[in-house]
Amino acid sequence: MSITKVSNPYDLDLCYMSARQQLSLFQKGDLSPVEVLKAQLARAEEVEPRINAFTDTYPEQAMAAAKAAEAVYTNRPDEARPLEGLTFAIKDEMSVRGQRNTEGSLIQKDYIADETHPVAERLQGAGAIFHARSATPEFCCAWTTESRIHGVTRNPWGLEYTPSGSSGGAAAALSAGTTTLATGSDIGGSIRGPAAACGLVGFKPPYGRVPDVSPFNLDSYCHVGAMARTTADCALIQNVISGFHPQDIATIRDQLVLPLDYGSLKGKRIAYSFDVSNEVVTDEVAEQTMNVLNALSDVGAIIEEVDLGWGEDVRRGCENYLNHLMGAALVREVDAHPDLVCDYTKHFADKARKTTADEFLSAYEVAADIYSRFGPMLENKYYAFICPTFACNDMLAEQKPWDRITIQGRDFDSEYDLNTQAVFNMLSRLPVLAVPSGIGPNGIPTGVQIVSRAFDDFRSFHVAAVLEKTRTWFDYKEHRPII
């Protein structure tokens, strides 16, 4: 991997500066996209050998684009597009014409995309600069980000830990300050998990909000969304990528524009639970979640615990659905290329071979049952619902899906038992925004999910925006990983 060397020491504050602040300074002529890109390229040169967030980089093309954006702000600032001059790490699942698109697999090590994904197309049209592609596990199928083709991606907060998956490279880059913004995808928590593990904001939009490509655009568990370091930055991305697309029959025609500033939450009723079928969480996760809830209470929200009554059938329903549908795609790859795939891909393919159509159907029955109570609760009683993003925050960088973890004396698998996110892929029309909740004693971030009623993205962003004003996130120099 070749990254342009920058001779002068870089400004770390530029690396972590929010997109919103950058745009303001670009418009005033007080900052250039070239300065930010140079700092981030230098930062990547320093930290990439340790975190391995990128699969491919494009420093020359990115610098040319940054200089073009600089010229726009200098000569025609009124013509600047919504994301003009902002750097993006594109997940190595999303196709960009002319770029290698491996999807984390040796099978596709030489594949060059001949089409651009609708989301990438919209980002480019809005002025985004694609300077790197971010790592993903093979075919986005694991909770850690490692592959035979690209190696292990590590969490900048603690290199022995994982940035989670499958958007782990995006999360590692954002938390390391080597990109301003990033794309992610989420079929069982693949945006929200990495956001939690790396102290970020990540959005699983409701199904149909953002276009995707076939065949998984037809899978209601599958979502493409934004990843950033602040709530407003996440909204900036969403406002560009959402909306109807003629190639995706599932996309909604109505365009939703999220505001970047929000009012008070005083008097708003917010429900919470530590248990969304996981049954237990670590003391650290519980403590940090309570800190979030107390912060919301302090600004006038009414916080109430609820008993959802969800059990193991919810976890198994999500697992059966994904094994049966996404797993079928993995079976094809394993059968066609048995010597090239990763060990965990074979593991998931083996599980997929054992699932039945009846188990697949049962996932729909479980979804209907739990939404019959959860949906009306959000519609009629509560403004939002909050729960932890993971049951623990100590998953290792090279952890395998068959490894076991003990929490509160309970033996858990490291897939769906730890995962408090996949249920909201099952309830796919609910917007879910993952935000930081704190840092555990091991130095690794924790996170919460803010869930709002069907297709009401505004509420999730409202809660997050108010919470962000009370909490220490990446806006503060003290709240950055030391790599």
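The values are calculated or read from the model by the stated rules, or taken from the named source; none is laboratory data. Please read these numbers as outputs of a predicted model, since none were measured by experiment. Quick reminder, even Gly has a Cβ in these numbers, built from the backbone with ideal geometry, and neighbours come from all protein chains shown.
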Worksheet entry | Test for residue 356: is it under 24 Å from residue 198 (Cβ atoms) and modelled with pLDDT of 95 or more | no
Response to the item:
By residue number, the members of region 264-300 that are without any contact (Cβ under 8 Å) to a residue 60 or more places away in the chain and not charged (D, E, K, R) are 267, 290, 294, 297, 300
Worksheet item: For the subset of region 81-111 comprising residues that are within 17 Å of residue 241 (Cα to Cα) and without any contact (Cβ under 8 Å) to a residue 60 or more places away in the chain, which member is farthest from the chain's Cα centre (by Cα)?
Response: 81
Practice prompt. Within region 160-176, identify whether any single residue is in a loop (DSSP other than H, G, I, E, B) and either among the basic types (Lys, Arg) or under 17 Å from residue 242 (Cα atoms) (or both), and answer yes or no.
Written response: no
Response to the item:
When (1) closer than 16 Å to residue 154 by Cβ; (2) out of contact with any Gly (no Cβ under 8 Å at 6 or more places or on another chain); (3) among the polar types (S, T, N, Q) are applied to residue 175, the one that fails is (2)
Discussion item. For region 300-313, check the following and say yes or no: at least one residue is part of a helix (DSSP H, G or I) and either surrounded by fewer than 19 Cβ atoms within 10 Å (Cβ to Cβ) or not basic (Lys, Arg) (or both).
Written reply: yes
Discussion item. Cβ-Cβ under 7 Å, sequence separation 6+ or interchain: first residue in region 454-465 and touching a residue at least 40 places away in the same chain (Cβ under 8 Å) and under 10 Å from residue 384 (Cβ atoms), partner polar (S, T, N, Q) and surrounded by fewer than 24 Cβ atoms within 10 Å (Cβ to Cβ). Which pairs?
Written reply: 459/452; 460/452
Fill in: residue 383 vs. criteria at pLDDT 95 or above, over 24 Å from the mean Cα position of the chain (by Cα) and farther than 20 Å from residue 401 by Cβ
no
Worksheet item: Residues of region 393-438 being in a strand (DSSP E or B) and crowded, with 18+ Cβ neighbours inside 10 Å, which ones?
Response: 405, 407, 412, 419, 432, 433, 434, 435, 436, 437, 438
Practice prompt. With the condition kept exactly as written, say whether any residue in region 370-384 is assigned to a strand (DSSP E or B), touching a residue at least 12 places away in the same chain (Cβ under 8 Å), buried (at least 17 other Cβ atoms within 10 Å of the Cβ) and hydrophobic (A, V, I, L, M, F, W, C).
Written response: yes
Worksheet, complete the sentence: With the first residue restricted to region 321-337 and required to be closer than 18 Å to residue 137 by Cβ, and the second required to be among the charged types (D, E, K, R), Cβ contacts under 7 Å at 6 or more apart or on different chains are 323/351; 325/219; 327/351; 331/353; 334/346
Worksheet item: Hey, does region 179-196 have a residue that's buried (at least 24 other Cβ atoms within 10 Å of the Cβ), within 17 Å of the chain's Cα centre (by Cα), free of Cβ contacts under 8 Å to residues at least 60 places away in the same chain and not in a loop (DSSP other than H, G, I, E, B)?
Response: yes
Worksheet item: Does residue 280 qualify as being hydrophobic (A, V, I, L, M, F, W, C), assigned to a loop (DSSP other than H, G, I, E, B), more than 22 Å from the chain's Cα centre (by Cα) and within 23 Å of residue 318 (Cα to Cα)?
Response: yes
Worksheet, complete the sentence: Restricted to region 125-146 and to residues being touching a strand residue (DSSP E or B) at 6+ places or on another chain (Cβ under 9 Å) and of a type in the set (Gly, Ala, Ser), the residue nearest to residue 104 (Cα to Cα) is 135
